[in-house]
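A quick write-up on the structure given underneath.
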Amino acid sequence: LLFQKWPLLLVAWVFGCFHDFLGSVASQIAPKSSCVDLSTQQLDIRRLVKYETQHIPVKAVMFITKRGIKICVQPDLKWVQDAIKFLDKGPVRRRPNNKPVSKPKPKPKPRGN
């Protein structure tokens, strides 16, 4: 009786091991982009569109530019904190132009002789 169910038990055991292996590997996969090296150069805040913070493997802020370039910097720098505040405010809205629209002057009528 045990010999008849042996292949079924083997398949169940292999599936269980494979499932545990995949679960442990998936839980250890690093994010798509993570900072390892940090830039020391100050960035132009106007070219940044968003940022992400990370704590592992190093504490860093990853800025993403309008072109999609990701640049990692030290989070404790003053300009970095200013850039984060700037991005947290959201897009700058321009005030509408409240000047009255001038109408074109009518053309003078031709004088008939």
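Here are the numbers for the structure shown:
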| quantity | calculated |
| --- | --- |
| Only Lys, Arg (+1) and Asp, Glu (-1) charged, at Cβ; the stretch 32-90 dipole about Cα centre in debye | 280 debye |
| The stretch 32-90: relative contact order in percent, alpha carbon pairs under 8 Å with at least 6 residues between | 32 percent |
| 13 Å Cα cut-off, lysine pairs counted over the stretch 32-90 (separation 8 or more, or different chains) | 5 |
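Read-outs: derived from the displayed coordinates by stated rules, not from any lab. The structure displayed is predicted, hence computed values, not measured ones. When we count neighbours, we look across all protein chains shown, and the Cβ atoms used for this are built from the backbone with ideal geometry, even at glycine.
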